[in-house]
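Engineer: Below is the structure I would like to discuss, written out as C-alpha coordinates.
The values are calculated or read from the model by the stated rules, or taken from the named source; none is laboratory data. Treat the numbers as computed from the prediction; the structure is a model and nothing was measured. Note: ideal-geometry Cβ built from the backbone for every residue, glycine included; neighbour counts use all protein chains shown.
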Amino acid sequence: MRLRIRGGAASHLKAVTRADLARRYGCFLDFLARTGRLESFPHPGALITPGNVEPYVLELQQRVSSVTVYGSICKLRRVARIIAPHQDFGWLAELEADLRYEMRPCSKSNRLVSTQRLLAAGLTLMADAETAEKITKLARARLFRNGLMITLLACCPVRLKNYIALEIGRSFVQIKNVWWIVLSASETKERRADERPTPAFINEGINRYLRLYRPILLRRKSSSRALWVSSQFGSDMKYSYGAELITETTRSTTGVSVSPHLFRTVAASTAATHAAATPHLASALLHHTRPDVTEEHYNRATTVSAARAYSVITEEYRKR
(Lines give C-alpha, C1' and ligand atoms only; values in the text may rest on other atoms or scores of the structure.)
Protein backbone atom coordinates (compact mmCIF):
# COMPACT_ATOMS: atom_id res chain seq x y z
CA MET A 1 0.00 0.00 0.00
CA ARG A 2 1.28 3.47 -0.84
CA LEU A 3 0.56 5.92 1.95
CA ARG A 4 1.70 9.00 0.13
CA ILE A 5 -0.70 10.95 -2.01
CA ARG A 6 0.36 14.44 -3.02
CA GLY A 7 -1.24 16.74 -0.49
CA GLY A 8 -2.70 13.77 1.41
CA ALA A 9 -2.72 13.02 5.12
CA ALA A 10 0.74 11.42 5.05
CA SER A 11 2.41 13.89 2.70
CA HIS A 12 4.03 15.78 5.60
CA LEU A 13 5.86 12.66 6.79
CA LYS A 14 9.40 11.86 5.73
CA ALA A 15 9.89 9.12 3.17
CA VAL A 16 11.53 6.76 5.68
CA THR A 17 8.57 7.23 8.06
CA ARG A 18 6.04 6.55 5.34
CA ALA A 19 7.95 3.43 4.32
CA ASP A 20 8.04 2.18 7.91
CA LEU A 21 4.31 2.75 8.40
CA ALA A 22 3.55 1.00 5.11
CA ARG A 23 5.71 -1.96 6.15
CA ARG A 24 3.98 -2.25 9.52
CA TYR A 25 0.54 -2.08 7.91
CA GLY A 26 1.69 -4.68 5.37
CA CYS A 27 2.56 -7.05 8.25
CA PHE A 28 -0.95 -6.60 9.60
CA LEU A 29 -2.48 -7.31 6.18
CA ASP A 30 -0.25 -10.38 5.82
CA PHE A 31 -1.59 -11.69 9.13
CA LEU A 32 -5.17 -11.13 7.97
CA ALA A 33 -4.46 -12.94 4.70
CA ARG A 34 -2.80 -15.91 6.43
CA THR A 35 -5.65 -16.31 8.89
CA GLY A 36 -8.50 -15.90 6.42
CA ARG A 37 -9.56 -12.51 7.74
CA LEU A 38 -8.67 -10.42 4.70
CA GLU A 39 -11.92 -9.64 2.94
CA SER A 40 -13.24 -6.89 0.69
CA PHE A 41 -14.37 -3.82 2.59
CA PRO A 42 -15.60 -0.40 1.43
CA HIS A 43 -12.44 1.24 2.80
CA PRO A 44 -9.13 0.06 4.37
CA GLY A 45 -10.03 1.41 7.81
CA ALA A 46 -12.76 -1.22 8.08
CA LEU A 47 -10.06 -3.89 8.45
CA ILE A 48 -8.73 -2.35 11.65
CA THR A 49 -11.18 -3.78 14.16
CA PRO A 50 -10.82 -5.32 17.63
CA GLY A 51 -11.69 -8.70 16.12
CA ASN A 52 -8.73 -8.44 13.75
CA VAL A 53 -6.20 -6.62 15.90
CA GLU A 54 -6.50 -8.67 19.10
CA PRO A 55 -5.54 -12.03 17.48
CA TYR A 56 -2.76 -10.15 15.64
CA VAL A 57 -1.37 -9.01 18.98
CA LEU A 58 -1.57 -12.56 20.33
CA GLU A 59 0.43 -13.88 17.39
CA LEU A 60 3.03 -11.13 17.75
CA GLN A 61 3.45 -11.91 21.45
CA GLN A 62 4.34 -15.49 20.55
CA ARG A 63 7.28 -14.58 18.35
CA VAL A 64 8.61 -11.06 19.03
CA SER A 65 9.58 -8.97 22.04
CA SER A 66 7.15 -6.83 24.01
CA VAL A 67 8.87 -3.73 22.62
CA THR A 68 8.23 -4.86 19.05
CA VAL A 69 4.61 -5.72 19.85
CA TYR A 70 4.06 -2.23 21.24
CA GLY A 71 5.83 -0.61 18.28
CA SER A 72 3.75 -2.59 15.79
CA ILE A 73 0.45 -1.51 17.33
CA CYS A 74 1.64 2.05 17.79
CA LYS A 75 2.46 2.24 14.07
CA LEU A 76 -0.81 0.51 13.15
CA ARG A 77 -2.72 3.21 15.04
CA ARG A 78 -0.83 5.90 13.15
CA VAL A 79 -1.78 4.23 9.88
CA ALA A 80 -5.39 4.00 11.03
CA ARG A 81 -5.52 7.75 11.66
CA ILE A 82 -4.16 8.38 8.17
CA ILE A 83 -6.39 6.08 6.16
CA ALA A 84 -9.55 6.59 8.23
CA PRO A 85 -9.26 9.99 9.95
CA HIS A 86 -12.96 10.19 10.85
CA GLN A 87 -13.17 6.72 12.38
CA ASP A 88 -13.06 6.27 16.16
CA PHE A 89 -9.95 4.31 17.16
CA GLY A 90 -10.13 5.03 20.89
CA TRP A 91 -10.10 1.30 21.60
CA LEU A 92 -6.83 0.99 19.67
CA ALA A 93 -5.26 3.83 21.66
CA GLU A 94 -6.24 2.02 24.87
CA LEU A 95 -4.70 -1.21 23.61
CA GLU A 96 -1.53 0.68 22.71
CA ALA A 97 -1.41 2.16 26.23
CA ASP A 98 -1.77 -1.30 27.79
CA LEU A 99 1.05 -2.66 25.64
CA ARG A 100 3.24 0.30 26.57
CA TYR A 101 2.71 -0.58 30.24
CA GLU A 102 3.60 -4.24 29.59
CA MET A 103 6.68 -3.38 27.57
CA ARG A 104 9.94 -4.70 29.02
CA PRO A 105 12.94 -3.46 27.04
CA CYS A 106 15.85 -5.89 26.90
CA SER A 107 19.04 -4.79 28.60
CA LYS A 108 21.63 -3.34 26.27
CA SER A 109 24.52 -3.97 28.65
CA ASN A 110 25.61 -7.18 26.95
CA ARG A 111 25.65 -5.45 23.56
CA LEU A 112 27.56 -2.32 24.51
CA VAL A 113 31.19 -2.06 23.55
CA SER A 114 33.49 0.87 24.15
CA THR A 115 34.13 3.62 21.64
CA GLN A 116 37.74 2.46 21.73
CA ARG A 117 36.77 -0.99 20.42
CA LEU A 118 34.56 0.44 17.69
CA LEU A 119 37.31 2.80 16.54
CA ALA A 120 39.89 0.02 16.67
CA ALA A 121 37.62 -2.22 14.61
CA GLY A 122 36.94 0.41 11.97
CA LEU A 123 40.52 1.63 11.66
CA THR A 124 41.84 -1.94 11.53
CA LEU A 125 39.52 -2.78 8.63
CA MET A 126 40.71 0.29 6.75
CA ALA A 127 44.35 -0.65 7.35
CA ASP A 128 43.71 -4.26 6.32
CA ALA A 129 42.13 -3.05 3.08
CA GLU A 130 45.32 -1.14 2.26
CA THR A 131 47.69 -4.02 3.01
CA ALA A 132 45.76 -7.22 2.23
CA GLU A 133 47.20 -9.40 -0.52
CA LYS A 134 45.44 -11.52 -3.12
CA ILE A 135 42.05 -9.83 -2.91
CA THR A 136 40.19 -8.12 -5.73
CA LYS A 137 39.93 -4.37 -6.08
CA LEU A 138 36.23 -4.60 -5.33
CA ALA A 139 36.82 -6.60 -2.14
CA ARG A 140 39.49 -4.09 -1.06
CA ALA A 141 37.11 -1.18 -1.68
CA ARG A 142 34.32 -2.92 0.21
CA LEU A 143 36.59 -3.61 3.18
CA PHE A 144 37.79 -0.01 3.34
CA ARG A 145 34.21 1.29 3.09
CA ASN A 146 33.03 -0.94 5.92
CA GLY A 147 35.86 0.22 8.15
CA LEU A 148 35.21 3.87 7.39
CA MET A 149 31.48 3.46 8.06
CA ILE A 150 32.20 2.08 11.53
CA THR A 151 34.85 4.68 12.31
CA LEU A 152 32.86 7.70 11.17
CA LEU A 153 29.66 6.60 12.91
CA ALA A 154 31.55 6.00 16.15
CA CYS A 155 32.85 9.57 15.94
CA CYS A 156 29.68 11.22 14.62
CA PRO A 157 26.69 9.22 15.93
CA VAL A 158 23.92 10.74 13.84
CA ARG A 159 20.74 8.81 13.17
CA LEU A 160 21.03 6.05 10.58
CA LYS A 161 18.48 7.55 8.18
CA ASN A 162 20.67 10.67 7.98
CA TYR A 163 23.94 8.74 7.96
CA ILE A 164 23.03 6.49 5.05
CA ALA A 165 21.58 9.43 3.08
CA LEU A 166 24.72 11.61 3.30
CA GLU A 167 25.47 13.30 -0.03
CA ILE A 168 28.86 14.62 -1.05
CA GLY A 169 28.77 18.38 -1.53
CA ARG A 170 25.42 18.81 0.21
CA SER A 171 25.09 17.07 3.56
CA PHE A 172 28.72 15.92 3.59
CA VAL A 173 30.97 18.84 2.70
CA GLN A 174 34.63 19.77 2.96
CA ILE A 175 35.44 23.10 4.57
CA LYS A 176 39.09 24.12 4.87
CA ASN A 177 40.33 20.52 4.60
CA VAL A 178 37.87 19.29 7.24
CA TRP A 179 34.84 17.17 6.37
CA TRP A 180 31.53 18.21 7.93
CA ILE A 181 28.16 16.55 8.31
CA VAL A 182 25.62 19.27 7.55
CA LEU A 183 21.96 18.38 8.01
CA SER A 184 19.17 20.88 7.39
CA ALA A 185 16.24 21.29 9.75
CA SER A 186 13.98 19.40 7.34
CA GLU A 187 16.26 16.34 7.53
CA THR A 188 16.49 15.87 11.29
CA LYS A 189 13.99 14.35 13.70
CA GLU A 190 14.18 17.46 15.90
CA ARG A 191 13.47 19.78 12.94
CA ARG A 192 16.66 21.70 13.72
CA ALA A 193 19.83 21.97 11.69
CA ASP A 194 22.69 19.73 12.79
CA GLU A 195 26.24 20.62 11.79
CA ARG A 196 29.30 18.79 13.08
CA PRO A 197 32.93 18.38 11.95
CA THR A 198 34.57 14.98 11.61
CA PRO A 199 37.71 14.33 13.69
CA ALA A 200 40.95 15.32 11.99
CA PHE A 201 42.45 11.84 12.32
CA ILE A 202 39.94 10.28 9.88
CA ASN A 203 40.02 12.99 7.21
CA GLU A 204 42.75 11.27 5.25
CA GLY A 205 40.74 8.04 5.34
CA ILE A 206 37.70 9.88 4.00
CA ASN A 207 39.79 11.41 1.22
CA ARG A 208 41.23 8.03 0.23
CA TYR A 209 37.77 6.47 0.19
CA LEU A 210 36.43 9.20 -2.06
CA ARG A 211 39.44 9.23 -4.35
CA LEU A 212 40.29 5.53 -4.63
CA TYR A 213 37.59 3.21 -3.33
CA ARG A 214 34.21 4.83 -3.89
CA PRO A 215 34.78 4.95 -7.70
CA ILE A 216 35.50 1.21 -7.63
CA LEU A 217 32.26 0.54 -5.74
CA LEU A 218 30.29 2.59 -8.27
CA ARG A 219 31.70 0.32 -11.03
CA ARG A 220 30.66 2.72 -13.75
CA LYS A 221 30.43 6.41 -14.48
CA SER A 222 27.72 7.82 -12.30
CA SER A 223 26.40 11.19 -11.22
CA SER A 224 25.48 9.81 -7.81
CA ARG A 225 26.49 12.00 -4.87
CA ALA A 226 25.76 9.35 -2.23
CA LEU A 227 28.62 8.96 0.21
CA TRP A 228 27.86 5.29 0.84
CA VAL A 229 27.65 2.99 -2.16
CA SER A 230 26.42 -0.60 -2.31
CA SER A 231 29.04 -2.85 -3.88
CA GLN A 232 26.49 -5.31 -5.23
CA PHE A 233 24.97 -3.02 -7.84
CA GLY A 234 27.15 0.08 -7.61
CA SER A 235 24.15 2.11 -6.47
CA ASP A 236 23.28 4.33 -3.52
CA MET A 237 23.18 2.32 -0.31
CA LYS A 238 19.71 1.67 1.10
CA TYR A 239 18.67 2.14 4.71
CA SER A 240 17.99 -1.54 5.45
CA TYR A 241 21.24 -2.71 3.84
CA GLY A 242 23.22 -0.08 5.76
CA ALA A 243 21.72 -1.23 9.05
CA GLU A 244 22.56 -4.87 8.33
CA LEU A 245 26.05 -4.04 7.11
CA ILE A 246 27.00 -2.02 10.19
CA THR A 247 25.55 -4.60 12.58
CA GLU A 248 27.25 -7.52 10.83
CA THR A 249 30.59 -5.70 10.53
CA THR A 250 30.69 -4.98 14.25
CA ARG A 251 29.74 -8.57 15.00
CA SER A 252 32.54 -9.95 12.86
CA THR A 253 35.17 -7.54 14.21
CA THR A 254 34.26 -7.11 17.89
CA GLY A 255 32.25 -10.25 18.56
CA VAL A 256 29.21 -8.14 19.46
CA SER A 257 26.42 -7.10 17.10
CA VAL A 258 26.23 -3.34 17.55
CA SER A 259 23.28 -1.82 15.70
CA PRO A 260 23.56 1.75 14.34
CA HIS A 261 21.27 3.00 17.11
CA LEU A 262 23.51 1.42 19.75
CA PHE A 263 26.37 3.56 18.41
CA ARG A 264 24.44 6.50 19.88
CA THR A 265 24.17 4.75 23.24
CA VAL A 266 27.89 3.99 23.18
CA ALA A 267 28.69 7.63 22.37
CA ALA A 268 26.47 8.90 25.18
CA SER A 269 28.07 6.49 27.66
CA THR A 270 31.55 7.49 26.56
CA ALA A 271 30.75 11.20 26.82
CA ALA A 272 29.22 10.77 30.27
CA THR A 273 32.19 8.72 31.51
CA HIS A 274 35.01 10.82 30.12
CA ALA A 275 33.51 14.31 30.20
CA ALA A 276 31.95 14.57 33.63
CA ALA A 277 32.81 18.27 33.72
CA THR A 278 30.53 18.81 30.71
CA PRO A 279 27.25 17.24 31.88
CA HIS A 280 25.25 18.13 28.78
CA LEU A 281 27.80 16.91 26.24
CA ALA A 282 25.95 13.64 25.57
CA SER A 283 22.60 15.29 24.86
CA ALA A 284 24.22 17.88 22.62
CA LEU A 285 26.21 15.20 20.81
CA LEU A 286 23.01 13.27 20.08
CA HIS A 287 21.13 16.46 19.17
CA HIS A 288 18.69 16.07 22.06
CA THR A 289 17.55 19.59 22.97
CA ARG A 290 14.30 21.57 22.92
CA PRO A 291 13.48 22.87 19.41
CA ASP A 292 12.20 26.33 20.33
CA VAL A 293 13.13 29.30 18.14
CA THR A 294 15.11 31.14 20.82
CA GLU A 295 17.52 28.25 21.31
CA GLU A 296 17.80 27.24 17.67
CA HIS A 297 21.07 29.04 16.91
CA TYR A 298 22.47 28.23 20.36
CA ASN A 299 21.76 24.54 19.84
CA ARG A 300 23.52 24.49 16.48
CA ALA A 301 26.59 25.98 18.11
CA THR A 302 26.30 23.45 20.94
CA THR A 303 26.26 20.54 18.50
CA VAL A 304 29.43 21.81 16.82
CA SER A 305 31.10 22.32 20.20
CA ALA A 306 29.97 18.90 21.36
CA ALA A 307 31.33 17.25 18.21
CA ARG A 308 34.70 18.93 18.73
CA ALA A 309 34.80 17.98 22.41
CA TYR A 310 33.90 14.39 21.54
CA SER A 311 36.64 14.38 18.89
CA VAL A 312 39.16 15.03 21.64
CA ILE A 313 37.84 12.01 23.54
CA THR A 314 37.89 9.73 20.50
CA GLU A 315 41.41 10.89 19.63
CA GLU A 316 42.56 9.85 23.08
CA TYR A 317 40.81 6.51 22.66
CA ARG A 318 42.55 5.99 19.35
CA LYS A 319 46.01 6.53 20.87
CA ARG A 320 45.55 4.00 23.66
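Engineer: Of the residues Arg104, Arg100, Arg117, only one is closer than 22 Å to Ala268 by Cβ and part of a helix (DSSP H, G or I); which?
Structural biologist: That would be Arg117, the only listed residue that is closer than 22 Å to Ala268 by Cβ and part of a helix (DSSP H, G or I).
Engineer: Still on this structure, please answer the following. Sort through Met149, Met126 and tell me the only one that's part of a helix (DSSP H, G or I) and either within 18 Å of Val256 (Cα to Cα) or in the same structural domain as Gly26 (by TED's automatic domain parsing) (or both).
Structural biologist: On the way: Met126 fails: either within 18 Å of Val256 (Cα to Cα) or in the same structural domain as Gly26 (by TED's automatic domain parsing) (or both).
Going through Met149, Met126 in turn, just one is part of a helix (DSSP H, G or I) and either within 18 Å of Val256 (Cα to Cα) or in the same structural domain as Gly26 (by TED's automatic domain parsing) (or both): Met149.
Engineer: Give me the residue from region 140-155 that is of a type in the set (Gly, Ala, Ser) and over 15 Å from Pro215 (Cβ atoms) and, out of that set, farthest from the chain's Cα centre (by Cα). Write out each step before concluding.
Structural biologist: Going through region 140-155, the residues of a type in the set (Gly, Ala, Ser) turn out to be 141, 147, 154.
Adding the requirement that they be over 15 Å from Pro215 (Cβ atoms) leaves 147, 154.
Working: Gly147: 17, Ala154: 13 Å.
Only one residue tops the list, namely Gly147.
Engineer: Could I ask something else about it? Mind listing whichever residues of region 54-68 are in a helix (DSSP H, G or I) and within 12 Å of Arg104 (Cα to Cα)? Outline the logic, then answer.
Structural biologist: Of the residues in region 54-68, the ones in a helix (DSSP H, G or I) are 54-63, 66-68.
Matches in region 54-68: Ser66, Val67, Thr68.
Engineer: Right, another one. How about region 255-283: which of its residues are crowded, with 17+ Cβ neighbours inside 10 Å, among the β-branched types (Val, Ile, Thr) and modelled with pLDDT of 85 or more?
Structural biologist: Of everything in region 255-283, just one residue is crowded, with 17+ Cβ neighbours inside 10 Å, among the β-branched types (Val, Ile, Thr) and modelled with pLDDT of 85 or more, namely Val258.
Engineer: With respect to the numbered conditions (1) out of contact with any Asp or Glu (no Cβ under 7 Å at 6 or more places or on another chain); (2) at pLDDT 90 or above; (3) in a strand (DSSP E or B); (4) buried (at least 16 other Cβ atoms within 10 Å of the Cβ), which one is the sole condition not fulfilled by Gln174?
Structural biologist: So the condition that Gln174 fails would be (4).
Engineer: Return the only residue of Leu138, Leu143, Leu153, Leu166 being of a type in the set (A, V, I, L, M) and farther than 19 Å from Asn203 by Cα.
Structural biologist: Going through Leu138, Leu143, Leu153, Leu166 in turn, the sole match is Leu138.
Engineer: Something else about it: I'd like the residue in region 82-105 that is of a type in the set (Asp, Glu) and over 16 Å from Asn52 (Cα atoms) and, out of all such residues, is nearest to the chain's Cα centre (by Cα).
Structural biologist: Glu102
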